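Scroll down for the structure; my scribbles are underneath it.
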Amino acid sequence: MKDEANNKESRLLEHAFKLFTEKGVKDTSIQEITNSADVAKGTFYLYFKDKYEIRDVLIAEKSKKLFNNALKALRKTDLNKLTEQVIFIVDHVIDALSKNTLLLKFISKNLSWGIYNETIQKIYEHEGNAENGMRNLFLKGIKEKNIKLKNPDVTLFMIIELVSSTCFNSILYNQPLPIQEFKPYLYETIKNLINE
């Protein structure tokens with residue numbers, strides 16, 4: 001029974017994402033999502049209060065996946081400095097978003113939700129992966145390297161928000177520069193924020 005429930009929730013998420021990226025959230029109705037997912041409209045409300053909640057869950061999950069893929073790639077490197085690790089992860093995420101502009105537009109400027117969204121924190125805790133996320137890597141690195149930051153959580157949040165907002169415009173509109181030209185400026189700012 002639980003598998004069937006998970007399957008329905010997964011179908012709702014999958015079909016909502018498809019419709020949201022094709023039509024936009026505003027122009028997608030709950031009825032369209034349930035029809036596409038082949039579930040009753042009442043089933044939708046067992047999982048989500050409205051289409052904005054399913055959008056928020058999707059943004060958080062898609063962002064989390066971007067960071068998890070970057071962390072997996074990082075584990076295959078021998079980078080030891082925290083600054084190098086953070087820049088590697090950021091670079092990996094930027095490259096993934098550059099290749100998938102639909103995902104970039106959907107996430108918009110909410111990339112930090114993959115780290116700081118309460119829904120994602122609960123998913124990490126439920127899956128027993130709380131130690132494996134980007135936030136933990138950063139906080140552990142700050143402590144191990146004895147880097148003096150007044151508030152490491154705020155610093156990480158600022159880094160992710162900086163990446164999210166500036167790369168959105170750089171990737172989609174080449175503003176202020178095309179992304180490959182913009183990256184060195186971004187990475188220099190990240191180095192200054194961490195000050196390792």
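The values are calculated or read from the model by the stated rules, or taken from the named source; none is laboratory data. Since we're looking at a predicted model, the values are computed, not measured. Don't worry about glycine lacking a Cβ; one is built from the backbone with ideal geometry, like all the others, and counts go over all protein chains shown. SASA here: full protein model, heavy atoms, side chains in, ligands and nucleic acids out. Shrake-Rupley method; radii C 1.70, N 1.55, O 1.52, S 1.80 Å.
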Rounded to the nearest 20 debye, dipole of the range 1-90 from Cβ charges on Lys, Arg, Asp, Glu: 240 debye
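Once whole DSSP H runs in the chain are found, which of them have Cα atoms spread over 20 Å or more along the helix axis and a mean Kyte-Doolittle score of at least -0.5?
Working: long enough: 2-23 (31 Å, -1.30); 51-74 (34 Å, -0.29); 82-99 (26 Å, 0.87); 152-173 (31 Å, 1.19); 179-194 (22 Å, -0.17).
Those that clear 20 Å and a mean of -0.5 are 51-74, 82-99, 152-173, 179-194.
Over the range 1-75, with the other protein chains present, what is the accessible area per residue in square angstrom, probe 1.4 angstrom? It would help to have the intermediate numbers written out before the result.
Values: 4190 Å² over 75 residues.
About 56 Å² of surface per residue is accessible.
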Solvent-accessible surface ranking, highest first, for 90, 154 at 1.4 angstrom: 154, 90
Spacing of the two label points (7 Å from each Cα toward its C-beta) at residue 145 and residue 76, in nm: 2.3 nm
Distance between modelled label sites at residue 161 and residue 177, nm, 7 Å Cα→Cβ extension: 2.4 nm
Eligible lysines near residue 51 by straight Cα distance, threshold 18 Å, same-chain separation 8 or greater: 8, 18, 23, 26, 41, 62, 105
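When N is the residue count of the chain, what does its C-alpha Rg come to as a fraction of 2.2 N^0.38 Å? Before the final figure, lay out each step's value.
Numbers: Rg = 18.2 Å, N = 196, 2.2 N^0.38 = 16.3 Å.
Taking the Cα Rg and dividing by 2.2 N^0.38 Å, one obtains 1.11.
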Charge dipole of the chain about the Cα centre (unit charges at C-beta), most positive-ward option of 173, 12, 192: 192
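Only Cα pairs under 8 Å and at least 6 apart count here; give the relative contact order of the chain as a rounded whole percent.
Details: 171 pairs, mean separation 37.7, N = 196.
Relative contact order of the chain: 19 percent.
Report, in debye and to the nearest 20, how large the dipole of the chain comes out about its Cα centre when Lys and Arg carry +1 and Asp and Glu carry -1 on their Cβ. Please report the intermediate quantities before stating the final value.
Values: 29 positive and 26 negative charges, 45 e Å.
The dipole magnitude comes to about 220 debye.
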Solvent-accessible area, 1.4 Å probe, carbon plus sulfur percent, for the chain: 49 percent
